[in-house]
Structures are given as structure tokens and as C-alpha cells.
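Down below is the structure, laid out as C-alpha cells.
The values are calculated or read from the model by the stated rules, or taken from the named source; none is laboratory data. None of these values were measured; they are calculated from a predicted model. Cβ atoms come from the backbone with ideal geometry, glycine included; neighbour counts cover every protein chain shown.
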């Protein structure tokens, strides 16, 4: 079980230091990696997943969120968290098979609602049959 009171930096024992560029994504990811996982906002979780940071710690949290509401709007639009997970490559799921199986079930159980979402392209869904 992961200690959610620790940061991704602590869990990975990998300290990045100060951001080298002043962009929203870079600054957000740097700051979020330093926060205890239990205090991350939904947007920070989506942002980190989108950048493939801390996946083994964050995917279980994201799956729990999607289980409650598959098309949850974290920041930009309905389904943005789901889209972040659907956009991950197969290799990103290698160490997270249980979460991948859960995502497939969520997609299967909610396929008609998900397909009605204009932001989520059907080719992404086809990978999760």
C-alpha cells in the first residue's frame, strides 16, 4: 500500500529541483511532485497523468474517480480525466494491469455515454474493448 502522505518525489527518491522553464505544465508538475499525494488536486492528478508522471501512484486514484463518475470534468471538459487515461500508451499500463482491467470495465459499462462525448475519439475507445 502506498503512503499517500508522501510526495511522488519522496516515493521515487527523485528530486527535480526548480523548473527549468516557466510554462503552466512544467511548473504545475514540478510543484505537484513535491506535494503529498493525498493533497493533490484533481487537476494536478490529471496533469501529472497526462505527462506520465507518478503513474503507479496516481492511476489507482484516477480509476477510483472514474468509477464514481466516468465523464468527470476535472478542468477543461466532461471526460478530461478519462481522456488522459485513454491517451496513455500500452507500455504505460505495464505495471498497472489491475488498473487497466478496471478502466476497461469502466469503458465497457459506460460505452454509450462515453461515445456520445465529442472530446473522446472512438479510436481511443477501441483500444479498451
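Against the test of being within 18 Å of residue 103 (Cα to Cα), at pLDDT 95 or above, assigned to a helix (DSSP H, G or I) and touching a helix residue (DSSP H, G or I) at 6+ places or on another chain (Cβ under 7 Å), the options 62, 32 yield a single qualifying residue, 62.
Restricting the first member to the range 43-72 and to residues that are farther than 22 Å from residue 9 by Cβ, and the second to residues that are part of a loop (DSSP other than H, G, I, E, B), the beta-carbon pairs closer than 7 Å and six or more apart or on different chains are 65/72; 66/72; 70/110; 71/78; 71/79; 71/117.
Counted as qualifying within the range 72-129 are the helices (runs of 4 or more DSSP H) with 1 or more residues that are at pLDDT 95 or above, namely 80-86, 97-109.
Of the numbered criteria (1) over 28 Å from residue 17 (Cβ atoms); (2) surrounded by 18 or more Cβ atoms within 10 Å (Cβ to Cβ), the one residue 129 fails is (2).
Within the range 105-123, the set of residues being within 15 Å of residue 87 (Cβ to Cβ) and either touching a residue at least 60 places away in the same chain (Cβ under 8 Å) or surrounded by fewer than 16 Cβ atoms within 10 Å (Cβ to Cβ) (or both) comprises 119, 121, 122, 123.
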